[in-house]
Amino acid sequence: MPKFYFSPSQKDGEKVVFFGEEFHHIIHVHRFRVGDRIESMDGEGNSYKLELCKILTNSVEAKIIRACQQTCESKLDIRLFQAIPKKRGMDLVIQKGTELGINTVIPLITTYMVGNRDPVALLKYRQRWQTIAKEAAKQCGRSVIPQVGTPLDVFAIEPFQDKECLQFALHEKSMIPFSAMIKKTHNAKTIRFAVGPEGGFDTKEIDHLSRSGFSITNFGKRILRTETVGLVVTAVLQYIYGDLGE
């Protein structure tokens, strides 16, 4: 059954109002009618069974029948700092990262970044990326919509103090293998990791990340594309610390 999202502001007691794109999908695409029941989520981890009770010109009202227990969210909080790839590479990272359980993606502006640096263009890209995250979350049945942050200069990354947080940046010249770093970490609940652009992070960027608490590690002998490595690492992390394979 298709799932539909609403923001908490659209919920008033036991009533939920859908409009815009979700209204279009409910009424015109799936052709639900008054009395039909649908599954819905608020994007913050709560799921509901709803019954449609009133269809208006540009909106549809539904009443909550019951709250549903949602179990598809990972216990692992993954936050990816991804250097913006060229062309539509970020679209792939957002879509597949959502399916793999990433909670936050922060697009990074770096020295060797090939993509568009124009601030106005980046804000438009962010809106599209957030839409991609929402659609991917619907497709894979997640109850939380990952957040795409405002594009951030790599030097604006600040230290994050949390003993249960694993932080690392991938760099092909690091002498510390990813596997060795992982073996030293037994109980990570939050993971922040940074992936560089096609040309990698430069020396100053690596120094800044290191000072900000990121371990610098390499992921093996083969050089993966920037839009590939974050997804592969996420899958490995979900298998070790999260819910992949459970």
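Here is how the numbers come out for the structure above:
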item: Residue among Leu224, Thr110, Thr185 farthest towards the positive dipole end of the chain, charges placed on Cβ; result: Leu224
item: Given charges at beta-carbon only (K, R positive; D, E negative), |dipole| of the chain in Debye; result: 360
item: Order by protection proxy (mean Cβ within 10 Å, highest first), peptides 189-200, 32-43; result: 189-200, 32-43
item: Cα extents of segment 55-128 along the three principal axes, largest first (Å); result: 52, 38, 16
item: Rounded to whole Hz, the Karplus (6.51, -1.76, 1.60) HN-Hα couplings of segment 108-118, x for glycine and proline; result: 9, 9, 10, 4, 8, 4, 8, x, 5, 9, 4
item: Contour minus Cα-Cα distance for Thr104 and Thr131 (0.36 nm per residue); result: 8.4 nm
item: Listed residue pairs exceeding 23 Å between alpha carbons, taken from Lys96/Lys134; Lys11/Lys134; Lys49/Lys138; Lys163/Lys183; Lys15/Lys189; result: Lys15/Lys189
item: Dimensionless Rg over Rh [segment 111-222; C-alpha; Kirkwood]; result: 0.99
item: Alpha-carbon centroids, segment 108-137 and segment 1-45: separation in whole Å; result: 27
item: Charged-residue dipole, Cβ positions (Lys, Arg, Asp, Glu), segment 1-127 about Cα centre, Debye nearest 20; result: 320
item: Scaled radius of gyration (Cα, divided by 2.2 N^0.38 Å) that the chain gives; result: 1.13
item: Given charges at beta-carbon only (K, R positive; D, E negative), |dipole| of segment 3-68 in Debye; result: 260
item: Intensity falloff of segment 3-68 expressed as log10 I(q)/I(0), Debye formula with alpha-carbon point scatterers, at q = 0.12, 0.16, 0.18, 0.25 Å⁻¹; result: -0.23, -0.42, -0.54, -1.12
item: Mean-position separation - Cα centroids, segment 56-92 and segment 152-223, in angstrom; result: 26
item: Antiparallel bridges, percent of DSSP beta bridges restricted to the chain (to nearest 5); result: 45
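Taken together, the values in this text are just the output of simple stated rules run on the coordinates, not laboratory data. On a predicted model such as this, the values are computed, not experimentally measured, just so you know. Methodologically, a virtual Cβ is constructed for each residue, glycine included, from the backbone with ideal geometry; neighbour enumeration extends over all protein chains shown.
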